[in-house]
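Single-structure report; data block below.
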Amino acid sequence: MMRDLTMRQTAPAGFPSTGKSGESSLAGRILASRPQTLLILNVILIAAMAIAYPANFATQANFSAVLLNAAQSGILVVGMMILMIGGAFDLSIGSTLALSGVVAGALVGWLGYPAELGILAGIATGAAAGLVNGLIVTRLGINPLIATLATLSIYRSLTQLIGASGVTPISNAFKFYGQVKFLGLQSPFWVMLVIVVLGAWAVARTKVFRQYYFIGGNARAAQLSGINVPRLTLMAFVLMGALAGLAGVLAAARLNSAVVSAGIGVELSVITATVLGGASLKGGEGTIIGGVLGVLFIALVQNAMIINGIGVFWQGMIIGLVLLLAVSLNRFKQRSAR
Amino acid sequence: MVLRLEVRNVSKSFLGVRALDKVSLSVAPGEIHALLGENGAGKSTLSKIVAGVYDADEGEILLDGKPLHGLTEASAARAGIGIVHQEGSLIDHLSVSENIYSGRPPTSFLGQIDRRKLRSWSAELLAQLGLHIDPDSRVADLPSALRQVVEIAKALSHRPKLLILDEPTAALTLTETDELFGVVRNLASQGVAVIYVSHRLGEIFELCHRVTILRDGHYVDTVKVSETNTEALIRLMVGRDLEFAREPASAPPGEALIEAHAISSGPDVHEASITVRRGEIVCLAGLVGSGRTEFCEVLFGARRRESGEVMFKGRSFRPRQPRDAMRAGIGMVCEDRKETGLFLERNLVENTAVTVLDAVSTGLVVSWAKAGALAETFRESLGIVTPSVYQKVGLLSGGNQQKVLLAKWLATKPALLIVDEPTRGVDVGARSEIYRILRELRSEGVGLLVVSSDLPEVLALADRIVVMADGRTVGELSGAEADEVSILRLATVNTQTGLETMETA
């Protein structure tokens with residue numbers, strides 16, 4: 001299914017893909033699409049670690065830890081990928097995440113509302129934050145970088161004003177939603193799985209989400225082709241905000257604590273995963289599967305650095321270098337194709 | 001007397017297309033020499049070669065009898081050649097004086113910019129042009145007419161021996177035009193040679209001494225303005241071979257589809273009106289910059305309409321965005337397929353399906369089988385040459401890209417199809433096929449509004465011709481009776497001075 005969805009970007013539904021130069025060689029075929037490259041990288045990394053550290057790495061406990069760590073970014077990458085396919089992005093997601101967690105925590109922990117209401121309110125808060133971002137970008141015509149840089153700061157400050165030093169503990173009923181286990185894996189992982197599958201399907205197949213490829217590819221042409229570019233861009237920001245809200249609520253539930261410093265810096269690691277997964281700042285490119293594989297790769301590198309004792313300080317170095325390598329390979333491929 | 005400028009047998013090709021073929025031109029000191037020709041005749045190319053923007057492929061350029069070699073914009077400026085470009089070369093957020101002396105401001109101790117000198121020099125130049133604007137004001141805050149004058153001041157700051165003005169009055173009002181003419185005459189009386197590029201015949205008769213006519217990149221003739229008249233000039237401008245014969249509609253047109261009355265929008269469209277009926281091809285002719293594309297964009301909802309009424313299928317019609325027009329049954333094939341028409345990185349299937357995503361979807365889901373079948377249909381009916389419908393559109397030839405662009409709109413089954421420059425940059429074969437497609441649409445009862453800068457194309461396609469000049473619709477001709485002369489006569493009307501060709505003739 002993974003392969004099927006990723007192929008669809010250029011050659012939909014089982015139709016033969018157009019041959020590009022360089023794809024006939026083995027290396028060319030492996031590097032043909034970013035998700036394939038990433039998949040292979042991930043498999044190599046897992047295999048190498050499993051052989052080198054069978055006792056520490058290849059255990060169910062370690063895998064579930066890796067997947068749980070990847071869950072938050074996995075949820076966020078779906079929204080970010082959709083935004084970036086459409087030629088935008090959102091820097092404020094870390095602050096939105098914290099704000100949503102604090103709103104949910106305060107409603108449930110301080111004011112005693114039911115956990116379910118808190119969760120819904122948290123997601124709604126995220127969606128509202130996304131709506132504001134989207135309105136600033138589409139109505140005021142402010143560049144997404146500047147707009148969300150501003151709201152990154154505003155939303156964080158709002159979180160601190162509401163949450164003060166945070167809400168701890170929230171409630172047992174609330175905690176349940178972040179800690180309940182199914183097949184040995186905690187709920188954030190399952191939520192991520194549902195979102196990723198839905199997102200991958202929507203972006204690959206549905207007419208609403210396919211339009212983001214047109215918008216990112218050529219916004220003016222999309223508008224002139226009858227696509228409502230501002231409305232769809234606004235929608236993508238709202239979706240991103242709602243997903244950040246969901247991630248924030250889950251993080252608070254998992255720890256049974258809403259922390260005002262939650263999510264600092266996640267925007268950069270999520271954008272890293274998104275670009276690693278095949279998105280470009282120009283827009284028009286990328287797949288959900290690619291983004292998720294990017295998240296998985298970052299989580300695996302982090303885990304490997306801890307287990308092999310090299311140390312987490314090397315993590316940034318490796319991820320940065322892989323990012324540069326992946327993007328320069330693309331440029332090289334484009335140049336040789338012309 | 002030594003000629004100020006002598007151009008000998010200059011040729012220039014762009015991507016294999018000959019834009020200039022052995023063109024010669026001579027200008028004496030103190031002479032105002034007009035350069036005249038239709039759209040694409042090579043006037044701008046020649047001006048840019050003289051100003052060092054482009055390199056000539058062959059031929060010689062002499063200034064004051066001395067040959068110039070390896071001319072660049074900077075060396076041309078140093079040699080005394082100034083040019084005022086058609087499109088702005090100003091930097092919006094800098095001041096007027098900084099723009100005028102951009103690149104070489106007066107300096108004082110340690111290379112500091114001497115602000116006082118900069119200001120006083122600029123003020124002096126502007127006063128010479130009869131303008132009293134603050135040299136410190138930002139260019140972005142000036143109306144477009146004043147920007148044009150700042151451009152001229154910038155060219156004059158080099159104290160040129162030869163000044164090239166490329167369509168300088170396009171954005172000017174009548175008084176400003178008069179003032180500009182005064183400045184130009186004054187410069188000429190001081191011995192500056194002036195090359196004046198314009199479509200406006202009235203201006204040429206008012207200002208210039210001699211005129212050189214170009215046609216399709218070829219030199220046609222140089223005549224003294226005092227010894228010619230408008231009619232003779234127009235005859236020298238036209239005269240291209242008609243490659244395609246006119247094929248009139250087999251049936252008379254049906255009822256009116258769209259009736260636009262007195263449409264205005266921004267600086268580009270002023271009270272323009274047009275009617276297109278079912279089963280007819282109406283061509284919108286005019287010079288580049290006459291507001292044809294902008295007018296069509298207003299009809300299509302891609303540009304704000306400030307005033308005027310539009311009736312579509314008998315109902316008042318006000319699209320807020322292209323989507324509204326599309327749903328009502330209007331399609332618009334835009335002028336620039338690469339910039340605003342196609343998604344070059346995406347394949348043919350997606351490029352044809354983009355306008356009809358609802359039709360090729362089952363519920364929420366896009367059916368690629370339906371979209372693929374749709375693309376295959378058009379590949380066959382329009383004769384699109386491609387190894388596969390899953391080919392990236394960016395890899396197709398110009399003619400095939402143009403057909404994909406048409407397919408995208410034919411897929412919406414429009415009642416009215418606006419086609420802006422249907423055959424720009426396509427070869428002769430594709431051109432005749434596109435004409436066939438447009439005529440077939442006409443026989444199916446589609447109303448077609450075709451914008452074209454190519455007069456033979458207009459004559460080959462049009463049942464009726466509406467001519468625009470300066471954002472206004474200035475006249476209408478029947479396709480059967482029109483010829484290049486009658487179209488150009490309308491298109492070169494100066495709507496501000498009212499100096500019609502007939503008055504000066």
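Could you work out the longest stretch of chain B that avoids the GluC sites (Glu not before Pro) located in DSSP loops with at most 13 other Cβ atoms within 10 Å? Here the longest segment lacking exposed loop sites spans B:88-242.
Taking all protein chains in place and a 1.4 Å probe, what share, in percent, of the accessible surface of region B:5-237 do carbon and sulfur account for? Carbon and sulfur: 50 percent of the exposed surface of region B:5-237.
Each listed q (0.16, 0.20 Å⁻¹) maps to a log10 I(q)/I(0) for region B:341-413 from the Debye sum over equal C-alpha point scatterers, namely -0.46, -0.72.
Our helix-only sum for chain B, with -39,500 (n - 2.57) per DSSP H run of n ≥ 4 divided by its residues, gives a mean residue ellipticity at 222 nm of -9500 deg cm²/dmol. Computed over protein heavy atoms with a 1.4 Å probe, the carbon and sulfur contribution to the accessible area of region A:193-338 reaches 71%.
Rounded to the nearest 20 debye, the dipole magnitude of the protein assembly as shown is 3140 debye, with +1 charges on Lys and Arg beta carbons, -1 on Asp and Glu beta carbons, and the Cα centre as origin. Considered as an equivalent ellipsoid built on the Cα gyration tensor, the protein assembly as shown has semi-axes of 58, 33, 27 Å, the largest given first. Number of Lys-Lys pairs in region B:5-237 with C-alpha atoms under 28 Å apart and a separation of 8 or more places or on different chains: 26.
A straight line joining the Cα centroids of region B:12-46 and region A:128-176 runs 60 Å. In a reduced charge model with +1 at each Lys and Arg Cβ and -1 at each Asp and Glu Cβ, region B:361-445 shows a dipole moment near 80 debye about its Cα centre. Entry note, chain A: relative contact order of 32 percent, from Cα contacts under 8 Å with a spacing of 6+ residues.
Under 17 Å from the 7 Å Cα→Cβ point of A:S165, by amide nitrogen: which residues of region A:91-123? It comes to A:106, A:110, nothing else.
Reducing region B:89-108 and region B:184-246 to their Cα centroids gives an inter-centroid distance of 34 Å.
Ignoring solvent entirely, what values of log10 I(q)/I(0) come out of the Debye formula for region A:64-329 at 0.08 Å⁻¹ when each Cα is a single scatterer? The Debye formula, applied to the Cα set alone, gives -0.31. Given a 1.4 angstrom probe, I'd like the percentage of the accessible area of region B:341-413 that is carbon and sulfur, rounded to a whole number. Exposed carbon and sulfur together represent 61 percent of the surface. Modelled label positions at A:R139 and A:A124, each set 7 Å beyond Cα in the direction of Cβ, lie 2.0 nm from each other. Taking region B:234-390, how much of its Cα-Cα pair set, in percent, is spaced more than 19 angstrom apart? Within region B:234-390, distances greater than 19 Å cover 67 percent of Cα pairs.
Measuring max minus min along each principal axis, the C-alpha atoms of region B:440-496 give extents of 41, 20, 17 Å (largest first). Percent of C-alpha pairs per 10 Å bin in region A:215-338, short distances first: 11, 30, 33, 19, 6, 1.
Residues of region B:372-400 whose accessible area (probe 1.4 Å, heavy atoms of protein chains only) drops by at least 30 Å² once all protein chains are present, relative to their chain alone: B:Y390. For the pair B:R18 and B:S397, a Förster radius of 22 Å applied to the C-beta separation gives a FRET efficiency near 0.65, rounded to the nearest 0.05. GNM on chain A, alpha-carbon springs under 10 angstrom: the most fluctuating residue among A:A219, A:A253, A:A236 is A:A219.
At full extension, A:V197 and A:I318 could sit 40.7 nm farther apart than now, given 0.36 nm per residue minus the alpha carbon distance. Rolling a 1.4 angstrom probe over the protein heavy atoms with all chains in place gives chain A an accessible area of 44 Å² per residue. Assuming charge only on the beta carbon of Lys and Arg (+1) and of Asp and Glu (-1), the dipole of region A:64-329 about its Cα centre is about 380 debye to the nearest 20. For the pair A:I154 and A:K181, a Förster radius of 41 Å applied to the C-beta separation gives a FRET efficiency near 0.65, rounded to the nearest 0.05.
Between B:N186 and B:A28, how many nm apart are label points set 7 Å from Cα along the C-beta direction? With each label point 7 Å from Cα toward Cβ, the separation is 2.4 nm. Buried surface between chains A and B: roughly 2800 Å² of accessible area, summed over both sides, computed with a 1.4 Å probe on protein heavy atoms only. In the frame of its principal axes, region B:5-237 has Cα extents of 53, 38, 32 Å, reported largest first.
Residues of region A:203-238 buried by at least 30 Å² of accessible area upon assembly of all protein chains, compared with the chain on its own (1.4 Å probe): A:R205, A:K207, A:R210, A:F214, A:N218, A:R220, A:A221, A:Q223, A:L224, A:S225, A:G226, A:N228. A full extension of the chain between B:E476 and B:N9 corresponds to an added length of 164.2 nm, given 0.36 nm per residue minus the alpha carbon distance.
Note: chain B, Cα convex hull, 173 Å³ per residue.
The slack between B:V288 and B:E73, meaning 0.36 nm per residue of separation minus the straight C-alpha distance, is 74.9 nm. In this calculation the C-beta distance from A:N308 to B:D336 is compared with R0 = 41 Å, giving a FRET efficiency of 0.15. Solvent-accessible area per residue in chain B equals 41 Å², computed with a 1.4 angstrom probe and all protein chains kept.
The values are calculated or read from the model by the stated rules, or taken from the named source; none is laboratory data. The model shown is predicted, which means the values in this text are computed figures rather than measured ones. In this analysis, Cβ positions are derived from the backbone assuming ideal geometry, glycine residues included, and neighbour counts consider all displayed protein chains. Note: accessible area is taken over every heavy atom of the protein model, side chains too, but ligands, DNA and RNA are not part of it. Shrake-Rupley method; radii C 1.70, N 1.55, O 1.52, S 1.80 Å.
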